[in-house]
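Notes to accompany the following structure.
The values are calculated or read from the model by the stated rules, or taken from the named source; none is laboratory data. Quick caveat: nothing in here was measured; it's all calculated off a predicted structure. We place every Cβ from the backbone using ideal geometry, glycine too, and count neighbours over all the protein chains shown. Just so you know, the surface numbers come from the protein's heavy atoms only, side chains and all, with ligands and any DNA or RNA stripped out. Shrake-Rupley method; radii C 1.70, N 1.55, O 1.52, S 1.80 Å.
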Amino acid sequence: MARRTRMCLTFPGIVVVCLLLLVGLVETANKVDPYNILGVTKSASQTEIKKVYKRLAREWHPDKNKNEGAEDMFIKITKSYEILSNEEKRANYDRYGQTDDTQPYGHGHYGHGHDQFYFDESFFHFPFSNKGSQEFADSKYALHFNQYVNDVVPDSFKRPYLIKITSDWCFSCIHIEPVWKEVVLELEALGVGIGVVDVGYERRLANHLGAHRTPSILGIINGKVTFFHYAVVKEHLRQFVEDLLPQRLVEKVTDRNDLQFLNSWHEQNKPHVLLFDQVPVVPLLYKLTAFAYKDYVQFGYVDQGLSDTANLLKQFNINTYAPTMLVFKESIDKPAGIIQAKGMKKQVIDEFILNNKFLLVPRLVNQKLFDELCPVKQFHRRRKYCVLLITGDEESYTIGNQAFLSFAYTNTQEVVRFAYVYQRLQQPLCDTLLKTKDSTQPPQVLILERRNSAGNVLYKEVAGGWNGTDKNKQRLLDELQRLQKDPSILNQDAMLPELNNEFASMFLIRWIYTAYDYLTEIIDDVLHNNWREMMPLLSLIFSALFILFGTVVVQAFSDSSEDGKSKPKAKDGATAENGSPGSSSTSSRPPKKNFVEVTELTDITYTSNLVKLRPGHMNVVLVLTDASKNVLLSKFAKEVYSFTGSLTLHFSFLNLDKHSAWMETLLEFAQDAMQIDTDEDDGARHKIDYTGYILALNGHKKYLCLFRPVYTGEEGPGGATGGGRRSGSREDHPPRRSMPRSRSTATLQIHHKLDCLGLWMERLMEGTLPRYYIPAWPGEDHRLQIGGKITGLLPNILTCGQNFCEV
């Protein structure tokens, strides 16, 4: 029994010993010495380590080495190289003997999604005792949706924000807490905004930011959200914040470009600040300050370690043992302010910039600057006045402008601000104050006080204008002294319009910048496989491309089908079964010219315009005399102008005084037409007046359509064949100008002969007019003769507009 008791008592001890031995073996097995594995010394350089790693990786790669321990050895080689190739991890191992497996935050490479952080997620390494760190981040910097929209987004135009997305049961979030705390303490002191969003309480804000995983870290600048994609270490987060800032915030200044930099104050309307320091890279604090005051001050950086900055150091007597900051205003030879201190703090720099954020006499270039220089009167504060010079930017105004600057330099007061405007660029403001639109008047000086933000001001114009003379200066000085004793001398009031923004970028430039931002965002998302955030944008892009491509394809097919239909018709020469030009697609085309081209039908044009006229084409011929030529051609042009877009219609005129025989011969061939024209005998037929008749001649099919003019009172009752009838006389019309009554009446009667031509042309295009076929066109013996002889004159081509006809 005693023996059993001793055995039972010693059994727990044996178990404990075994467990301790097992743990020791496990720890010994897990402990990795990267130097021994790679076979390098602790003093080995990165080049040597990389060279050895490549050799061992090729030797122990599982694809080439088939030994059982090759895979484990390859993993050890890779982990050892990850430790020794990273200076921070290598330093941690040298100091504390910690390898990659014991780090509180993980290893990693660039190029992964923002939701992929690199931690050792072994349960035994979770620092549950680090609750204070988590409360440190969550309580002080917690963000809510309204706070983000109303405060963070507007403030992001002055400073960048670093925001962490976390949740209560996010174990990976606990791993990054020490690094996050250290980074927050450093960056917040430099002026970076910090925020924490708890997904459990602010799901709406997390979705608004596009953060769908925890933990996530993102930056916000100018209202734009950018995700952090790299391993969570201090250097990466610091570099991430620095990359958020615009590229050209701070200009590098040397002896070569110092004058160009300082002389740009007039063009940019800003003071210029130079920081002298020993480091070759612009400090992050200085970049953040430049971003915060980018609308007011231009920043430059001088590296004291460069040889081509020696003249600058000597010129301004710079102490090379401490950072020095100089501010320059209108004078580039002497700085307006200077600070110098080791470990320069943000509060000191902010105070220095705020005291020098404006030029001594700035130009009013936008409403924002006007509001800050000339604030609205506050009852609980002292009155503030603005002395405003209205001048020009031409060279002739330079002397007066310099005199105004010198006056402001010697009469600077706390309650008085000096400024000037260019009348050409701020014309509405100047017109309101001067109550005139004369831009050639001499410069004027006004003293004004703003009464409210709506634009109401009280002001007084200093008499005598401003030429920069001593008399002008004394008069302005007297007015300022009177103003301190009696503010009521500002006896004029006005409602000022909003100032023009002289530095506003063009629409095209803004569009290019916006397109560039979208493009960089797309590339960033593609590189890091952030597909969930990309889906709305990709959907919009592919939808637009699909619509554009579909439109082009449909248009291409429709154009080809139209061409295929029109080409056979032009080739056949027939537009329809009955040959009507109205059935062609060209009948509805709008006119291509603003005039009507009318050709005289003579023996020269007889063959081309009639006998050998192309199939499907018709020649519309107006019959006239020398006396009625001008009147009828003008009326003819008005009536047929809307049909000139048709490619199958040609327009001509026939002079009866020259070619009456041809007209009679043509109508003799068209027996049907003669039966409609008159019921009289053959002798009476020769007395018919054909003036105003219209012949639509189809040369290929040998038929004509006939238009008879409306009844005017001089001829017997009749009508237009296919064109309608009109009864009554026009003799009761009043005479025109000083013409005799009989001549005026005759002109009106001739003019109204073509009143129904438009309707007749529509029926012609529709193909509903009667057609009178002839066996053949009049031959050689009857071809447009004058007194029985064939003419040899060149054809007349008239260009008829809406109200004119010219040869």
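Among rounded, prolate and oblate, which fits the stretch 367-497 when a ≥ b ≥ c are the square roots of the eigenvalues of its C-alpha gyration tensor, a/c under 1.5 means rounded, and a/b larger than b/c means prolate?
Oblate, since a/c reaches 1.5 and b/c is not below a/b.
Hey, what's the Cα Rg ratio for the stretch 34-96 versus the globular rule of thumb, 2.2 N^0.38 Å?
1.13
Is the stretch 290-349 rounded, prolate or oblate when judged by the Cα gyration tensor, a ≥ b ≥ c being the square roots of its eigenvalues, rounded requiring a/c under 1.5 and prolate requiring a/b larger than b/c?
oblate
At Lys593 and Lys224, where each label point lies 7 Å from the Cα along Cα→Cβ, what is the point-to-point distance in nanometres?
For the pair Lys593/Lys224, the computed spacing is 5.6 nm.
What FRET efficiency comes out for the pair Lys294/His61, r = Cβ-Cβ distance, R0 = 45 Å, nearest 0.05?
With R0 = 45 Å, the Cβ-Cβ based efficiency is 0.30.
With a 10 Å radius around each residue's Cβ, average the other Cβ atoms per peptide and rank 344-356, 272-284, highest first.
Result, highest mean Cβ count within 10 Å first: 272-284, 344-356.
Given +1 on the Cβ of Lys and Arg, -1 on the Cβ of Asp and Glu, and no further charges, what dipole in debye does the stretch 325-406 carry about its Cα centre, rounded to the nearest 20?
Dipole of the stretch 325-406, to the nearest 20 debye: 660 debye.
Sticking with the crude label model, points 7 Å out along Cα→Cβ, report the distance from Ile541 to Asp393 in nm, one decimal please.
With each label point 7 Å from Cα toward Cβ, the separation is 3.9 nm.
Leaving out ligands, DNA and RNA but keeping every protein chain, what accessible area does Glu88 have, in Å² rounded to the nearest 10, with a 1.4 Å probe?
Answer for Glu88: close to 60 Å² accessible.
In terms of solvent-accessible area of protein heavy atoms at a 1.4 angstrom probe, what is the ranking of Arg363, Arg424, Arg482, Arg95, highest value first?
Arg95, Arg424, Arg482, Arg363
Evaluate the Kirkwood expression for the hydrodynamic radius of the stretch 251-356, namely the inverse of the mean inverse distance over all pairs of different C-alpha atoms, and round to one decimal in Å.
13.7 Å
Measure off, as a whole percent, the carbon and sulfur share of the 1.4 Å-probe accessible area of the stretch 134-244, all protein chains present.
Here it works out to 51 percent.
Assuming R0 = 41 Å, what is the FRET efficiency of Gln278 and Ile489, from their Cβ-Cβ distance, to the nearest 0.05?
Working from the Cβ atoms, E equals 0.15.
For the stretch 134-244, what relative contact order do you get, as a whole percent, if you take Cα pairs closer than 8 Å and at least 6 residues apart?
38 percent
Tell me the relative contact order for the stretch 367-497 as a rounded percent, counting alpha carbon contacts under 8 Å between residues six or more apart.
28 percent
Note down the accessible area of Thr469, probe 1.4 Å, to the nearest 10 Å².
Accessible area, nearest 10 Å²: 60 Å².
Compare the Cα positions of Gln444, Phe407, Gln481 along the charge dipole of the stretch 367-497 (+1 at Cβ of Lys, Arg; -1 at Cβ of Asp, Glu; about the Cα centre) and return the one farthest towards the positive end.
Gln481
Given a 1.4 Å probe, how much area per residue of the stretch 34-96 is accessible, in Å²?
Roughly 66 Å² per residue, with all protein chains present.
Where the centre of each part is set by its Cα atoms, how far does the stretch 52-72 sit from the stretch 384-453, in angstrom?
Here the answer is 80 Å between Cα centres.
Just to verify a number: what accessible area does Phe669 come out at with the full protein assembly present, 1.4 Å probe, Å² rounded to tens?
Approximately 70 Å² for this residue.
Can you tell me how the stretch 134-244 classifies by the Cα gyration tensor, rounded, prolate or oblate, using a/c under 1.5 as the rounded cut?
rounded
For each pair in Lys181/Lys294; Lys294/Lys473; Lys51/Lys287, compute the distance between the two Cα atoms and list the pairs where it is over 32 Å.
Beyond 32 Å: Lys294/Lys473; Lys51/Lys287.
Which three extents, in angstrom, do the Cα atoms of the stretch 336-441 have along their principal axes, listed largest first?
56, 38, 24
Keeping all protein chains in place and using 1.4 angstrom, which order do Thr768, Thr599, Thr320 fall into by accessible surface area, from largest down?
Per-residue accessible area, sorted high to low, gives Thr768, Thr320, Thr599.
Ignoring any ligand, DNA or RNA, what whole percent of the accessible area of the stretch 251-356 comes from carbon and sulfur when the probe is 1.4 angstrom?
51 percent
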